[in-house]
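Trainee: Have a look at this one before I ask anything.
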Amino acid sequence: MRQNSTPDLKTVLIATGFILTLAMGVRHGFGFWMQPISQAHGWTRETYSLAIAVQNLMWGLIGPFAGMAVEKFGTTRVIITGAFLYAAGLLWMALVDQPTMFIAGSGVLIGAALACTAFGAVSGIIGRTAPEAKRSWAFGISAAASSFGQFIMMPVEQQLISHSGWQTAFYLLAALVLLVMIPMALKLREAPVTHIDGPQQSIMEAIREAFSYGPFRLLLAGYFVCGFQVVFIGVHMPAYLKDKGIMDPMVAVYALALIGLFNIFGSYYAGKLGGMFPKRFLLSAIYISRTTVIAIFLLAPLTPYSVYIFAAALGLFWLSTVPLTNGIIAGIFGVKYLSMLSGFVFFSHQVGSFLGVWLGGYIFTKMGNYDLVWMITLALGVFATLINLPINEKPILRQQAVPA
């Protein structure tokens, strides 16, 4: 049952939009710190890559527990906790110069922060607030907000590093996170979810049901690929372009910003189309389109203009998987445990992210190039295209159905 204190859909979309813009925008810019931090501390790229990989893994690992906390304590408290963790993690990255401590501390703090402020944390309140007919569209709006964050924050972060230094840039971003996220979180005050009309499930019953259901396992496999592809490209693109002779750092800045800009449209229309067509077919189309764009980029002559074209095309398919995946979960299982179940699926995404960013640094250190990682990226894209096709999107049949 929707709580009387739940904000209206417009308020939810605006507040979560600001939170996602900042949470995802800051996170997408971490690739800009790879070279200055590595040079300042005398590290290889593998060290910084491992730190970002651990962040992504912890984000996924903590995600289901953040979802459980949302269901029990409410969205506001979880996001405020995440804001403080985010600020602490940014300060840690600025101040710690011992590799093991840097990897462990930033990994846990930023990973936990993202689990409490990104898609998993806000999916529940969006799903409970939006009418079923508008649910996929609402998820598309939230994914578009995160893409806007990537678009707007890429130039901001690069300019902060260039003009203020990489450490001061972290300090300023930490302050910005607190100043934006906390007021927006307060607009999301709602009573914790206690029940939905109809027969009840416990948390453990919901988990067992999901993991025993084939379509849920297929979603897990497909989302793994999404994480591998986008985080490898997002973190290693600046260094890859420099290795290939494109020395102007602004080319990578503009490229990552273009990905964010075009994914605003990609995410929005993916959510909109998800209310009109089978979501599994749209997911497969996104994965094969993304893989084709990457293949063309690797085969074409590399120039700044080819990078921009690649970024714009890739952006259409960047995070457009998010509204469709969350929409399938809500459609199959209902919205009571949506934050938690989305967290489990996102954990698979983050295992892929961990491997993508870490393998990028590891293989580069061993082989001196990214060629093998690009090949793995393409092969996984074909796999994800196929694995999404047989997903059954119909609501799960229960002896006593728990309605959405």
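Trainee: Out of (1) closer than 22 Å to Leu160 by Cα; (2) at pLDDT 90 or above, what's the single condition that is false for Arg45?
Mentor: Unmet for Arg45, out of (1) closer than 22 Å to Leu160 by Cα; (2) at pLDDT 90 or above: (2).
Trainee: Counting just the residues of the range 24-47 that are among the β-branched types (Val, Ile, Thr) and closer than 15 Å to Ile103 by Cβ, which one comes out surrounded by the fewest Cβ atoms within 10 Å (Cβ to Cβ)?
Mentor: Per the criteria, the residue is Thr44.
Trainee: Just to be sure I understand, how many residues within the range 92-113 are buried (at least 19 other Cβ atoms within 10 Å of the Cβ) and farther than 17 Å from Gly63 by Cα?
Mentor: Of the residues in the range 92-113, 6 are buried (at least 19 other Cβ atoms within 10 Å of the Cβ) and farther than 17 Å from Gly63 by Cα.
Trainee: Evaluate the following for Arg135: is it of a type in the set (D, E, K, R) and buried (at least 24 other Cβ atoms within 10 Å of the Cβ)?
Mentor: yes
Trainee: Which numbered condition trips up Lys10, out of (1) out of contact with any helix residue (DSSP H, G or I) (no Cβ under 9 Å at 6 or more places or on another chain); (2) among the basic types (Lys, Arg); (3) crowded, with 17+ Cβ neighbours inside 10 Å?
Mentor: Tallying (1) out of contact with any helix residue (DSSP H, G or I) (no Cβ under 9 Å at 6 or more places or on another chain); (2) among the basic types (Lys, Arg); (3) crowded, with 17+ Cβ neighbours inside 10 Å, Lys10 fails exactly one: (3).
Trainee: Could you name every one of the helices (runs of 4 or more DSSP H) located completely within the range 303-404 that has at least 3 residues being touching a Gly at 6+ places or on another chain (Cβ under 7 Å)?
Mentor: Because the criterion is at least 3 residues that are touching a Gly at 6+ places or on another chain (Cβ under 7 Å), the helices (runs of 4 or more DSSP H) in the range 303-404 that meet it are 321-333, 338-367, 371-387.
Trainee: Considering the range 200-226 alone, what residues qualify as being over 22 Å from Glu393 (Cα atoms) and touching a Gly at 6+ places or on another chain (Cβ under 7 Å)?
Mentor: none
Trainee: Just checking, how many residues over the range 348-372 are touching a residue at least 40 places away in the same chain (Cβ under 8 Å), surrounded by fewer than 24 Cβ atoms within 10 Å (Cβ to Cβ), out of contact with any Asp or Glu (no Cβ under 9 Å at 6 or more places or on another chain) and hydrophobic (A, V, I, L, M, F, W, C)?
Mentor: Here the count works out to 3.
Trainee: Please work out which one of (1) surrounded by 17 or more Cβ atoms within 10 Å (Cβ to Cβ); (2) out of contact with any Ser or Thr (no Cβ under 6 Å at 6 or more places or on another chain); (3) within 27 Å of Ala133 (Cβ to Cβ) is the condition Phe277 fails and give its number.
Mentor: So the condition that Phe277 fails would be (1).
Trainee: Being touching a helix residue (DSSP H, G or I) at 6+ places or on another chain (Cβ under 9 Å), at pLDDT 85 or above and on the phi < 0 side of the Ramachandran plot narrows it down to one of Phe18, Phe32, so name that one.
Mentor: Unique residue meeting the criteria: Phe18.
Trainee: From Ile79, Ile125, which residue is at pLDDT 90 or above, surrounded by 21 or more Cβ atoms within 10 Å (Cβ to Cβ) and not small (Gly, Ala, Ser)?
Mentor: Testing whether each residue is at pLDDT 90 or above, surrounded by 21 or more Cβ atoms within 10 Å (Cβ to Cβ) and not small (Gly, Ala, Ser) leaves just Ile79.
The values are calculated or read from the model by the stated rules, or taken from the named source; none is laboratory data. The model shown is predicted, which means the values in this text are computed figures rather than measured ones. Note that each Cβ is placed from the backbone with ideal geometry, even for glycine, and that neighbours are counted across all protein chains shown.
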